[in-house]
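The values are calculated or read from the model by the stated rules, or taken from the named source; none is laboratory data. Computed from a prediction, not measured in an experiment: that's the story for all the values here. Here the Cβ positions follow ideal geometry from the backbone for every residue, glycine too, while neighbour counts run over all protein chains shown. With ligands, DNA and RNA removed, areas are computed over all heavy atoms of the protein, side chains included. Shrake-Rupley method; radii C 1.70, N 1.55, O 1.52, S 1.80 Å.
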Amino acid sequence: MEAQHIELVSPPPPDAEVSTFDVVGPVCESADFLGKDRELPTPAKGAGLVVHDAGAYCMSMASTYNLKMRPPEYWVDNGSLVKIRHGETFEDLLKFFDGL
């Protein structure tokens, strides 16, 4: 299932070219898409995307599949981003094996 609402974190410049993109996650399998054929302003390198209703990419379904650490979580409050959970580090994962 694809996310219904995908947008850039920061407003694009007024002259940003609109292009068609396939939006995928950082550890997608070959058939996993967050959005296919989405028209979006071309983002600047390193720009973030907000993916509303991301299904398995939300924290409720997150895992450390392929040793990909869980990302930080943000809450959008009246147009402002508020960090509500820190991203995990590899050291966080190793703590589960202390004493083994």
- Query: With +1 on each Lys and Arg Cβ and -1 on each Asp and Glu Cβ, how big is the dipole of the chain about its Cα centre, in debye rounded to the nearest 20?
  - Reply: 260 debye
- Query: Karplus couplings for region 75-80 from phi (6.51 cos²θ - 1.76 cosθ + 1.60, θ = phi - 60°), rounded to Hz, Gly and Pro as x?
  - Reply: 10, 9, 10, 6, x, 10
- Task: Would you compute, from DSSP H runs of 4+ residues alone, the mean residue ellipticity of the chain at 222 nm, taking -39500 (n - 2.57) per run and dividing by the full residue count, rounded to the nearest 500?
- Result: -1000 deg cm²/dmol
- Query: In square angstrom, rounded to the nearest 10, how much accessible surface does Ser63 have for a 1.4 Å probe?
  - Reply: 60 Å²
- Task: Tell me the trypsin sites (Lys or Arg not before Pro) within region 10-45 that lie in a loop according to DSSP and have at most 14 other beta-carbon atoms within 10 Å.
- Result: Lys45
- Starting from the Cα of Lys83, draw a straight line to each of the lysines and keep only those under 20 Å, dropping any in the same chain fewer than 8 residues away. Lys68
- Once amide H atoms are built 1.01 Å from N in the peptide plane, which residues 5 or more positions from Gly25, or in another chain, come under 5 Å H to H? Leu34
- Cα-based equivalent ellipsoid of the chain: semi-axis lengths in Å, sorted from largest, via gyration tensor: 29, 17, 12
